[in-house]
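Asks: Attaching a single structure in C-alpha cells format; questions to follow.
Each value in this text was obtained by applying a stated rule to the coordinates, not by laboratory testing. Treat the numbers as computed from the prediction; the structure is a model and nothing was measured. For neighbour counting, all protein chains shown are included, and Cβ atoms are generated from backbone atoms with ideal geometry for every residue, glycine included.
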Amino acid sequence: PVLNRQVVEYAMRMALAVHSEIQPKSVFARKNYFYPDLPKAYQISQFEQPFAEGGYVEIETERGEKRVRLVRIHMEEDAGKLVHAEDSGLAGESLVDVNRCGVPLLEIVSEPDMASPEEAYQFLTKVRQLVVYLGICDGNMEKGNLRADVNVNLRLERDGELLKTPIAEIKNLNSFRYAMRAIEALVRQQNAMMEDGELTPVPLEASAPKSTLLWDADQGEVRFMRGKEQAHDYRYFPDPDLVPIEVDVAWIEQVRENLPELPDARRERFAAEYGIPEYDAGVLTTERSVAQYYEDVVRSGADPKTASNWVMGDVLRVLKDRKIGIGDFKVRPAPLAALLKLLDEGTISGKIARTVFGEMAETGADPKRIVEQKGLVQIADTGTLEAMVLEVINEHPKEVAAYRGGKKKLLGFFVGQVMRTSGGKANPKAINQLLKERLES
C-alpha cells in the first residue's frame, strides 16, 4: 500500500476546521478481523497514535449552542460492502462488492456529549456541512460517501445512584433520519427491557458487555447482530508496509491558509455585511454552493434582502422540485440580479417577475429580453392606471359602499381587480394610492 498525500491534507483540513490538534507523528496499524467484506483479513487503520486528537463541533439545540467534544480523527482504509440479494434466482444469498476496498476514509470519533436523538442529528448535519465546505467529501450518504456508527446507552438515577445500560453500536447508518430513528428505537427497546426485568443497569464505573446492532428501516427496529469486540480482539500492531506520518508546522500553516471560509463564520459575516436576519444567513450558508450563489447575486448588484428572499424561496424551491444542485440551475447569479433590479426599479411587478423567473429557469434566457419580447413592462402611466381604477370602482358599487362603511380590508379586493384588468402589469404601489384617493373622496 502507498499513502496518498492528498488524503493527509484532507485530514488536516478537517482537523483544523474542528479545532483538533494534529499530531506531529502518527502511525498506521493493522486491525485484524475476519469478515466477508475484508478480503485480506486486516484493515489498515490507526490506533495508539492517531492523526489528530481533541477538538469540538458546535451544534444548535433547543437550549442554545452546545459544544460536542471530539476524541480523535484518524485515517483508515474502507472495507467492501455486503449486498443481500433479493433477486429470485439469488434469494437468500449475500454478495460482496469490493469496489471500495482500500479507498481512504476519515473517521471522526466524538465524546458521549449528545443527550438526545435530535442532538445526534444536529451533530451529523454539522459534520456533513463541514466536509462539503472543506471540499473533502460530497456528503452523499445514499452512495456511502458519508456514513455513521452510533453508540448508545442510557444513564439514569435510582435511589441517588447514577446507573447506565450497556452500550450498543448501530453500524453503517446511511441517513441522518435513520440515525435518529435508530437511536429512538434503541432507547424504547432498552426502556422496555428494563421494565420487563430483562435488562439491569449497572453503576457508571462498572464495565458492561457491548453489542453491535442492525437497523431495520422497514420494521423501524434494531436487532442484535453480534457481540461488540474490544480493542485487544483486533490484535492491533504497526503496519510494517507504511512509514509513520510526520507533519511539520509549515505544512499545517500552508493548509490553514488555504481553508475556505467555514459556515459559522460565513453566516455571521452575511448577517453583519448584508444586514439580513440571522435566520436568513443560516439558511443561505447551509450549503457552500448556495452561499456562493447568493453572494454572487448580491455582488452583481441585487439588494441583499431582496436577493435573500428570492434565493431562499424561489431558487431553493426549483432546486428541490427538480432535484438538482445549484450548479445545474439555469438561472445564473448575474441574470437573477438583473431580474431583481427590474423589480426594484418598478419596471415589472412581483407577479410578472415570478413569471419571468419561471421562463429563465426553463431556458436560461436574459430577463430583459423576456420582458421586452412579451411586452411585460409594468404600466406606470398615471392616466392609464386611473382609468382602470375608475372602471373597477364603477363595476363594484356594493363593495365600494362597504369599503366606505368601514370595511377597509376590501382595499385588497380592489387592488386584485385592477391587477387582473391590467394583466398583472399595473404598478401595485400606484394602484393602492389611486384607489385610496378615489374610494375615500
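Asks: What number do you get for the chain when its Cα radius of gyration is normalised by 2.2 N^0.38 Å, N = residues?
Replies: In units of the 2.2 N^0.38 Å rule of thumb, it is 1.35.
Asks: Report, in debye and to the nearest 20, how large the dipole of the chain comes out about its Cα centre when Lys and Arg carry +1 and Asp and Glu carry -1 on their Cβ.
Replies: 1640
Asks: By how many nm would the segment from residue 200 to residue 3 lengthen if fully extended, with 0.36 nm per residue of separation less the alpha-carbon distance?
Replies: 66.3 nm
Asks: Hey, what did the range 261-374 get for relative contact order, percent, Cα under 8 Å, at least 6 apart? Intermediate results must be reported in sequence, preceding the final value.
Replies: Numbers: 102 pairs, mean separation 23.9, N = 114.
Reported as a whole number, the value is 21 percent.
Asks: Enumerate the calculated ³J(HN,Hα) couplings along the range 365-374 in order (Karplus 6.51 cos²θ - 1.76 cosθ + 1.60, θ = phi - 60°), each rounded to whole Hz, writing x wherever the residue is Gly or Pro.
Replies: Values, residue by residue: 6, 6, x, 4, 5, 4, 4, 5, 5, 9 Hz.
Asks: By the scheme Lys and Arg +1, Asp and Glu -1, what is the net charge of all other residues having a beta-carbon under 14 Å from that of residue 358?
Replies: +2
Asks: Projected onto the charge dipole of the chain (+1 at Lys/Arg Cβ, -1 at Asp/Glu Cβ, origin at the Cα centre), which of 364, 192, 163 gives the Cα projection farthest towards the positive end?
Replies: Projecting each Cα onto the dipole axis, the largest value belongs to 364.
Asks: Then there is this: Could you tell me the largest-minus-smallest coordinate of the C-alpha atoms of the range 261-374 on each of the three principal axes, in descending order and whole angstroms?
Replies: Sorted largest first, the three principal extents are 43, 31, 19 Å.
Asks: What are the ³J(HN,Hα) values, in whole Hz, obtained from phi via the Karplus relation 6.51 cos²θ - 1.76 cosθ + 1.60 with θ = phi - 60°, for each residue of the range 413-418 in sequence order, with x given for Gly and Pro?
Replies: 4, 5, 4, x, 5, 5
Asks: Taking each pair of distinct Cα atoms in the range 382-440 once, what is the resulting Kirkwood hydrodynamic radius in Å?
Replies: 11.1
Asks: If you don't mind, there's one more thing I want to ask. Could you work out how much longer the chain between residue 420 and residue 381 gets when fully extended? Use 0.36 nm per residue separation minus the Cα distance between them, nm to one decimal. Spell out each step's value before the answer.
Replies: Working: separation 39, 0.36 × 39 = 14.04 nm, distance 1.68 nm.
Once the chain is fully extended between residue 420 and residue 381, it gains 12.4 nm.
Asks: Can you tell me the 0 to 90 degree angle between the C-alpha axis of helix 5-17 and the longest principal axis of the chain, rounded to 10?
Replies: The helix 5-17 is inclined about 70 degrees to the chain.
Asks: Oh, and also: Amide H of residue 242: which non-local residues (sequence gap of 5 or more, or other chain) have their own amide H closer than 5 Å, using H built in the peptide plane?
Replies: Correct list: empty.
Asks: Next question. At 0.36 nm per residue, and after removing the present C-alpha to C-alpha distance, how many nm does the segment from residue 359 to residue 82 gain when stretched out fully?
Replies: Gain on stretching residue 359 to residue 82: 95.1 nm.
Asks: Further question: Add -39500 (n - 2.57) for each DSSP H run of 4 or more in the chain, then divide by its residues: what number comes out at 222 nm, to the nearest 500 deg cm²/dmol?
Replies: After summing the helix terms and dividing by residue count, I get -12500 deg cm²/dmol.
Asks: Between residue 157 and residue 218, what is the label-point separation in nm under the 7 Å Cα-to-beta-carbon projection?
Replies: Distance between label points: 4.4 nm.
Asks: I've got another one for you. Within the set of other residues whose C-beta is less than 10 Å from the C-beta of residue 393, count the net charge using Lys and Arg as +1 and Asp and Glu as -1.
Replies: Net charge around residue 393: -2.
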